[in-house]
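As structure tokens, the structure follows; a few thoughts come after it.
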Amino acid sequence: QVQLVETGGGLVQPGGSLRLSCAASRSGFSTYLMSWYRQAPGKQRELVAAITSGGTTTYGDSVKGRFTISRNNARNTLYLQMNSLKPEDTAVYYCKSNSVSGASWGQGTQVTVSS
């Protein structure tokens, strides 16, 4: 099973930026569908963005135009560039991999947007 480790979370002021990273532990990363999800307190986990092995991207409506998902297959790493952050972006952010072997989740990284 793939192990995923997210980094890059933290506290940022409204309007600021953060970049999250998700490192995968094994080869085959380039073939995986990779996604970012988030979960705010008291709310269901929701899809933020996804990227296929071919580089096609999908975004949740609330982050379109502000967030960018990307991947570096040579480094087995997934990224989420978050700009123009809002207080409602506050959540734990998780990366997820999907492959023929199944799905794996990272442990999550906290993002807090507050002045």
If each part is reduced to its alpha-carbon centroid, region 76-115 and region 1-17 end up apart, in Å, by 6
Most fluctuating of 28, 42, 65 in the GNM of the chain (C-alpha, under 10 Å) is 42
Nearest-0.05 FRET efficiency for residue 61 and residue 7 at R0 = 41 Å, using Cβ-Cβ distance, is 0.95
Taking 0.36 nm per residue of separation between residue 74 and residue 103 and subtracting their Cα-Cα distance, the length gained on full extension comes to 8.4 nm
Any lysines whose Cα falls less than 20 Å from that of residue 86, other than same-chain ones fewer than 8 residues away, would be 43, 64
Under the Karplus relation with 6.51, -1.76 and 1.60 and θ = phi - 60°, whole-Hz ³J(HN,Hα) for region 5-16, x at Gly and Pro, equal 10, 8, 9, x, x, x, 9, 9, 7, x, x, x
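A short reminder: the numbers here are calculations on the coordinates, not readings from a lab. The model shown is predicted, which means the values in this text are computed figures rather than measured ones. Because the Cβ atoms are built from the backbone with ideal geometry, glycine has one as well, and the counts that use them run over all protein chains shown.
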